[in-house]
């Protein structure tokens, strides 16, 4: 049986055959269509580049206002003497300040020294009872004649003040070719502590440089540790003279030595911690004993200005003493400057 297509089927088939035989060509696409596609591509690229640049720049604006040097947060903590400690004590009208320390107060004892600068700023009586090269802590648990400097450590000075017995110090003063030792002993012996308003403890970083142990976890008053000696010494002074305000002033920055040479103390451990380890011990003890702490470490000397503040790796110059004295006055006597 033969199938015969009708007219409509023949026309449809003919059109399909003609379309199949016809090949596709880009030349058949109108020119305007090319421009539209190219324009879209360029717009997408431009938008992507714009977003990428903006993302890299961020949204923060730079404040170009001149603000001077970068602020450093100091760690001062100020305590007032409890009223209970003042009861029964008669204060006079003259402010008397006793400084205990080492080279921090004895290296310069004239108008260029920190004690005289404090006296000038406050109009107060400031007594310098420092002992050169001494430390806060003892080197030996029991006094040894070969280490006579131990007689003048803070813990022994504090115990001598509390007991009134200065014999150990007097017996060893002559072992040093420096009249400062005996002069400071005489000042302490002749001082009427009932007239003392404030005791300032100001030692440089000799404990760190001389390898004094930092702490004893089993004995918080161990005299051969920095933390223990500071704790025990302050405790002795507070028990003997509760009406005297006590202020701890931290050391300034110093340098130490490692295998690479001279390095800032906050970056080298000499055996018992970095310099900042000792700083933290003083902060902790000041808080525990309720005495004021003045931070001379942060915001005073750093590696950028050390050549303008230090005379060697540890001793400071007059410019630094001026800064320390002003800081002390502003922190402890804010209404008098």
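Tallying residues that are buried (at least 18 other Cβ atoms within 10 Å of the Cβ) and farther than 23 Å from residue 242 by Cβ within the stretch 154-179 yields 3.
Taking the numbered list (1) touching a strand residue (DSSP E or B) at 6+ places or on another chain (Cβ under 7 Å); (2) assigned to a loop (DSSP other than H, G, I, E, B); (3) free of Cβ contacts under 8 Å to residues at least 12 places away in the same chain in turn, residue 219 passes all entries but (1).
Could you tell me whether residue 229 is modelled with pLDDT of 95 or more, part of a helix (DSSP H, G or I), surrounded by fewer than 23 Cβ atoms within 10 Å (Cβ to Cβ) and in contact with a helix residue (DSSP H, G or I) (Cβ under 7 Å, 6 or more places away or on another chain)? No. Test residue 240 against the criterion of being at pLDDT 95 or above and under 22 Å from residue 304 (Cβ atoms), and give yes or no. No; evaluated as a whole, the condition is false for this residue.
Of the residues examined, residue 253 is not one that is touching a residue at least 40 places away in the same chain (Cβ under 8 Å), within 30 Å of residue 88 (Cβ to Cβ), within 20 Å of the chain's Cα centre (by Cα) and surrounded by 22 or more Cβ atoms within 10 Å (Cβ to Cβ). Condition (residue is in a helix (DSSP H, G or I) and touching a strand residue (DSSP E or B) at 6+ places or on another chain (Cβ under 9 Å)) applied to the stretch 255-272: is it met by at least one residue? Looking for residues that are in a helix (DSSP H, G or I) and touching a strand residue (DSSP E or B) at 6+ places or on another chain (Cβ under 9 Å), one finds at least one in the stretch 255-272, hence yes.
The set of residues in the stretch 146-162 that are farther than 20 Å from residue 204 by Cβ and touching a helix residue (DSSP H, G or I) at 6+ places or on another chain (Cβ under 8 Å) comprises 159, 160, 161, 162.
For the stretch 306-328, a residue qualifies if it is touching a residue at least 24 places away in the same chain (Cβ under 8 Å), buried (at least 18 other Cβ atoms within 10 Å of the Cβ) and not in a loop (DSSP other than H, G, I, E, B), and the qualifying residues are 309, 310, 316, 320, 321, 324, 325, 327, 328. Taken over the stretch 121-147, residues that are over 24 Å from the mean Cα position of the chain (by Cα) and in a loop (DSSP other than H, G, I, E, B) amount to 11. If the condition is being surrounded by fewer than 20 Cβ atoms within 10 Å (Cβ to Cβ) and either touching a helix residue (DSSP H, G or I) at 6+ places or on another chain (Cβ under 8 Å) or modelled with pLDDT under 95 (or both), then the stretch 278-305 contributes 284, 288, 289, 298, 299, 302, 303, 304, 305.
The values are calculated or read from the model by the stated rules, or taken from the named source; none is laboratory data. All of these numbers come straight from a predicted model, not from anything done at the bench. With ideal geometry, Cβ positions are generated from the backbone for all residues, glycine too; neighbour counts draw on all protein chains shown.
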